[in-house]
1. Exactly one of (1) open to solvent by 30 Å² or more (accessible area, probe 1.4 Å); (2) over 30 Å from ARG396 (Cα atoms) is unmet by ASP534. Its number?
2. Does ILE62 meet the test of being touching a Leu at 6+ places or on another chain (Cβ under 8 Å) and in contact (Cβ under 8 Å) with a residue 60 or more places away in the chain?
3. So which pairs qualify, if the first residue must be in the range 564-580 and surrounded by fewer than 18 Cβ atoms within 10 Å (Cβ to Cβ), the second must be among the aromatic types (Phe, Trp, Tyr) and modelled with pLDDT under 95, the Cβ gap must be under 7 Å, and the two must be at least 6 apart or on different chains?
4. Can you spot a residue in the range 215-227 that is more than 28 Å from the chain's Cα centre (by Cα), open to solvent by 50 Å² or more (accessible area, probe 1.4 Å), over 30 Å from VAL453 (Cβ atoms) and of a type outside the set (S, T, N, Q)?
5. Give the residues of the range 18-40 that are surrounded by 13 or more Cβ atoms within 10 Å (Cβ to Cβ) and over 29 Å from LEU125 (Cα atoms), sorted by residue number.
6. Could you list, in sequence order, the residues of the range 492-511 that are open to solvent by 80 Å² or more (accessible area, probe 1.4 Å) and in contact with a Lys or Arg (Cβ under 7 Å, 6 or more places away or on another chain)?
7. Considering (1) part of a loop (DSSP other than H, G, I, E, B); (2) among the hydrophobic types (A, V, I, L, M, F, W, C); (3) touching a His at 6+ places or on another chain (Cβ under 9 Å), say which one ALA424 fails and leave the rest.
8. Return only the number of the condition from (1) closer than 18 Å to LEU128 by Cα; (2) in a loop (DSSP other than H, G, I, E, B) that ASP39 does not satisfy.
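The values are calculated or read from the model by the stated rules, or taken from the named source; none is laboratory data. These figures come from a predicted structure and were not determined experimentally. We place every Cβ from the backbone using ideal geometry, glycine too, and count neighbours over all the protein chains shown. When the accessible area is computed, the model is the full protein with side chains, heavy atoms only, and any ligands, DNA or RNA have been set aside. Shrake-Rupley method; radii C 1.70, N 1.55, O 1.52, S 1.80 Å.
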Amino acid sequence: MHVSEGELKEFITDSGLVAKKEIDAAAEEATTKGQSLGDILVSRGSLTEDALRRIQAYVLGIPFINLKEYRIPADVLGLIPEPIARTHSIVAYKKDGNSLEVAMLDVGDLVSIDSVRKKTGLKILPRLTDTESIKSTLLQYQKSLKDEFGDIISAEAGKIRVVGEGKDLSSDDLKKMAEDLPIVRIVDTLLRHAIVQGASDIHIEPMETEVLVRYRIDGILHDAMTLPKNAAAGIVARIKVLSNLKLDEKRLPQDGRFKVETEADRVSFRVSILPTFFGEKTVMRLLRETGEGFTLDVLGLHGENMERIHKALAQTTGIILISGPTGSGKTTTLYTMLDILNRPDVNISTIEDPIEYQMKRVNQTQVNPQIGFTFANGLRSLVRQDPDIIMIGEIRDGETAALAINAALTGHLVLSTIHTNSAAGAIPRLIDMGVEPFLLTSTIRVIIGQRLVRRLTEPKEAYALDETARAKIASDEEFEIAFKALEDEKLVKKGSSIDDLQFYRPMPSAESEDGYKSRIGIHEVLAVSPTIRDIILHSSTSDAIEAQARKEGMLTMREDGLYKAARGITSIEEVLRAVSE
């Protein structure tokens, strides 16, 4: 189903929604660029995407449905699983006999329609809707899951069999508890709920009288549920069974892993169990098993920063380092760069702990320190496998650093991460590990420092900062550098100044209670220039290296954060939270 350009132009002209002069200019641009008139009008801001959809629906004679205030019965909503609804923007809202009415953003998506038809066995009647309707309907999934989660907990918690006193349970007793139906249902629901909520970690923490379950969503921990104390032993036992860990070992920490497959995703859970005063605390890291689909601009890189990374990736030798604390998105950036480099004419090999994403055509190896298979041992074997590109999960010690540098010197491109607070701080850290400065100057191409900040959702509140307010946030120089980056990328009007910049505050909405959803990186990209090489050889202090890098045009993470705050991507509060002095 497609609206012809002539029909679309005629209807928009007759409707009076857009001035005829604008329509003619847009039509001319559409012909020149080979794009549709509707897309050009949307890109110019003359029409919204939803207004264009309504016009197309009217011309095609397809009913348009508004679901913003529509409460869909749970059994109808559940006919299309939430991951599929979110991915393909298609929701079921009305069932009548053998017919199912579905609301979509693209009624021409015949693959999704056919998939729902096969899954439900019903006749599918597609209806067009708008973005806000899809967003509000997706929230109903979360509400129904929360209700379901609460119902299951309250229904199943009372059925849990308590065996013994907990501390003296045998392996067989624990296995029976792990297979107890209420425990199985509680754990399965807890995992499924975390996947749907987009959590990155699940914390199950035993307290004196209860068990606290918390999810980390967009970097922030949220209380999800409290469970009765008698559920603790069974839940830990169930997770140990899934992770193939020792059931009767309660004195030592244990690490494991298991997988869960949903309709739209495969999720790997990395499990860590630690003895605490009130019992065993369990933390599970959720890893979506795909390293594809990200691009550098989606991660938050732009302008000169992106140019420097692409230049380094074009080299056939040298080291590219990503620095930052745990949970700052280093691995995702690493895999995104590997995805760019992943061509048929190169051999890519990795040594990781653990393998967080699985990538096609990449030879991935996981270390196992328990049997003596460390980063250093693995790297020695890996260089004999004739790789062109080597990815080392993390440089943790001098031996691994020395081997990485040796690999870079002998004709390999090496990508890795290092735990430091800034890009410039990676150099003194490597020297502290025992690496000679002259080897660093010969091998390191770029160092990327990064943090993650939460993205603002619509609507958001705009406001301006006067000079006094700016002084409390950052120096004049930092604001000026951020403003210049906006100017260079033509994101501010000619003749405007820092005083004209608008920043944004989060506002609660149907999509997000706190006004934030998902995360994006703020970065600093330090390219090792001849002058910086000279500083590394003679002083090697991070302050001196950073000062020179800034002279050469490097945006610091704080400046990049201010740039993104001025674009309305995040808030100043988020930037200050992520990059503190």
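1. Going through (1) open to solvent by 30 Å² or more (accessible area, probe 1.4 Å); (2) over 30 Å from ARG396 (Cα atoms) one by one, ASP534 breaks only (2).
2. Details: touching a Leu at 6+ places or on another chain (Cβ under 8 Å): yes; in contact (Cβ under 8 Å) with a residue 60 or more places away in the chain: yes.
So ILE62 fits the description; yes.
3. From residues that are surrounded by fewer than 18 Cβ atoms within 10 Å (Cβ to Cβ), the pairs are GLY568/TYR504.
4. From the range 215-227, those more than 28 Å from the chain's Cα centre (by Cα) are 227; that's our starting set.
Add one more test, that the residue is open to solvent by 50 Å² or more (accessible area, probe 1.4 Å), and what stays is none.
No; the residues of the range 215-227 include none that is more than 28 Å from the chain's Cα centre (by Cα), open to solvent by 50 Å² or more (accessible area, probe 1.4 Å), over 30 Å from VAL453 (Cβ atoms) and of a type outside the set (S, T, N, Q).
5. Of the range 18-40, the ones surrounded by 13 or more Cβ atoms within 10 Å (Cβ to Cβ) are 18, 22-23, 25-27, 29-30, 35-40.
Matches in the range 18-40: VAL18, GLU22, ILE23, ALA25, ALA26, ALA27, GLU29, ALA30, GLN35, ILE40.
6. Within the range 492-511, the subset open to solvent by 80 Å² or more (accessible area, probe 1.4 Å) is 493-495, 499-500, 502, 505, 508.
The answer is ARG505, and nothing else.
7. Among (1) part of a loop (DSSP other than H, G, I, E, B); (2) among the hydrophobic types (A, V, I, L, M, F, W, C); (3) touching a His at 6+ places or on another chain (Cβ under 9 Å), ALA424 violates only (3).
8. (2)
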